[in-house]
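Asks: Quick one: the structure is below, questions incoming.
The values are calculated or read from the model by the stated rules, or taken from the named source; none is laboratory data. For clarity, every value in this text was computed on a predicted model and none was experimentally measured. Note: ideal-geometry Cβ built from the backbone for every residue, glycine included; neighbour counts use all protein chains shown.
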Amino acid sequence: MGGETPELSAQERAGKAFPVSWDQFHRDCRALTWRLNEVGPFHAVIAITRGGLVPAAIVARELGVRVIDTVCIASYDHTKQGDLQVLKGISDAAMKLGGGTGKGLLIVDDLVDTGKTGKLVREMLPDAHFATVYAKPKGRPLVDTFITEVSQDTWIFFPWDTALSYLPPLRDGAA
Ligand SMILES: O=P(O)(O)OC[C@H]1O[C@H](OP(=O)(O)OP(=O)(O)O)[C@H](O)[C@@H]1O
Ligand SMILES: Nc1nc2[nH]cnc2c(=O)[nH]1
Ligand SMILES: [Mg+2]
């Protein structure tokens with residue numbers, strides 16, 4: 001493979017890192033719920049797995065919603081985006097609650113980046129409300145409610161993907 005430039009992952013292209021702690025994530029999910037409380041009530045929460053599972057649990061708890069379904073979509077293999085794969089669709093029971101179009105349903109994901117994942121789910125449930133905790137500019141128009149916008153060249157590190165580790169002092173060359 002000599003001489004070939006290796007393809008950059010989405011994370012490498014993103015450049016800037018935005019690490020989020022559990023505390024911060026919990027606070028941001030609660031802030032999201034404050035906004036959603038004005039929009040509901042919702043019959044059910046639909047979590048886009050896997051990243052949507054944690055915010056969906058927190059939001060559903062705060063809103064008092066006990067029906068939670070999943071739509072299972074994979075696109076990024078760690079940080080490289082490939083074709084979207086729907087591994088599991090929305091259940092018939094949740095579809096029925098949303099009258100076939102998603103009316104009164106709340107879709108939750110951790111973030112929108114390019115918007116490809118969100119677009120696909122919106123097509124499945126055109127009348128549902130779509131909420132994410134974080135949004136990048138490309139995906140932002142797809143989202144009805146979000147809390148924090150980060151630039152397109154930022155990579156968000158979630159607490160379930162990270163651990164506390166030693167950081168060398170700045171003067172020793174740490175970024
Ligand atoms: O707006 P997009 O460019 O489509 O990217 C956003 C999606 O990417 C991540 O999921 P990922 O596919 O990495 O799967 P995961 O939730 O299982 O980590 C994230 O949780 C969103 O669902
Ligand atoms: N963890 C994480 N996953 C993503 N998938 C698409 N964009 C991102 C991001 O910024 N962070
Ligand atoms: Mg995801």
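Asks: Output the qualifying pairs, or none if there are none: Cβ atoms under 9 angstrom, residues six or more apart or on different chains, first residue in segment 160-175 and closer than 25 Å to V54 by Cβ and polar (S, T, N, Q), second residue modelled with pLDDT of 85 or more and surrounded by fewer than 10 Cβ atoms within 10 Å (Cβ to Cβ).
Replies: none
Asks: How about segment 53-71: which of its residues are hydrophobic (A, V, I, L, M, F, W, C), within 16 Å of ligand 1 (Cβ to nearest atom), within 20 Å of W160 (Cα to Cα) and buried (at least 16 other Cβ atoms within 10 Å of the Cβ)?
Replies: The answer is L53, V54, A56, I58, V59, V71.
Asks: Hey, among the residues in segment 50-70 that are in a loop (DSSP other than H, G, I, E, B) and free of Cβ contacts under 8 Å to residues at least 24 places away in the same chain, which one's nearest to ligand 3 (Cβ to nearest atom)?
Replies: The residue in question is R50.
Asks: Just the residues that are more than 16 Å from T145 (Cα to Cα) and more than 16 Å from ligand 3 (Cβ to nearest atom), please, taken from segment 103-116.
Replies: None - no residue of segment 103-116 is more than 16 Å from T145 (Cα to Cα) and more than 16 Å from ligand 3 (Cβ to nearest atom), so the list stays empty.
Asks: Here's something else I'd like to know. In segment 111-128, which residue that is farther than 22 Å from H43 by Cβ and in contact (Cβ under 8 Å) with a residue 40 or more places away in the chain is farthest from the chain's Cα centre (by Cα)?
Replies: Start the filter on segment 111-128 by keeping residues that are farther than 22 Å from H43 by Cβ, which leaves 111-117, 119.
Adding the requirement that they be in contact (Cβ under 8 Å) with a residue 40 or more places away in the chain leaves 111, 113, 116-117.
On the way: L111: 3, D113: 8, K116: 12, T117: 9 Å.
Per the criteria, the residue is K116.
Asks: Sticking with this one: May I ask you to list the residues in segment 96-153 that are assigned to a helix (DSSP H, G or I), farther than 15 Å from L84 by Cβ and within 13 Å of ligand 1 (Cβ to nearest atom)?
Replies: Answer for segment 96-153, where residues must be assigned to a helix (DSSP H, G or I), farther than 15 Å from L84 by Cβ and within 13 Å of ligand 1 (Cβ to nearest atom): R140, P141.
Asks: Being within 16 Å of ligand 2 (Cβ to nearest atom) and crowded, with 17+ Cβ neighbours inside 10 Å is the filter here, so list the residues in segment 15-52 that pass it.
Replies: The answer is V20, F25, D28, C29, A47, I48, G51, G52.
Asks: Within segment 129-145, count every residue that is touching a residue at least 40 places away in the same chain (Cβ under 8 Å) and either surrounded by fewer than 22 Cβ atoms within 10 Å (Cβ to Cβ) or of a type in the set (D, E) (or both).
Replies: Qualifying residue count for the region: 3.
Asks: Quick check, is A93 away from ligand 2 (no atom under 16 Å from the Cβ) and in contact with a strand residue (DSSP E or B) (Cβ under 7 Å, 6 or more places away or on another chain)?
Replies: Considered against the rule, which asks whether it is away from ligand 2 (no atom under 16 Å from the Cβ) and in contact with a strand residue (DSSP E or B) (Cβ under 7 Å, 6 or more places away or on another chain), A93 comes out as no.
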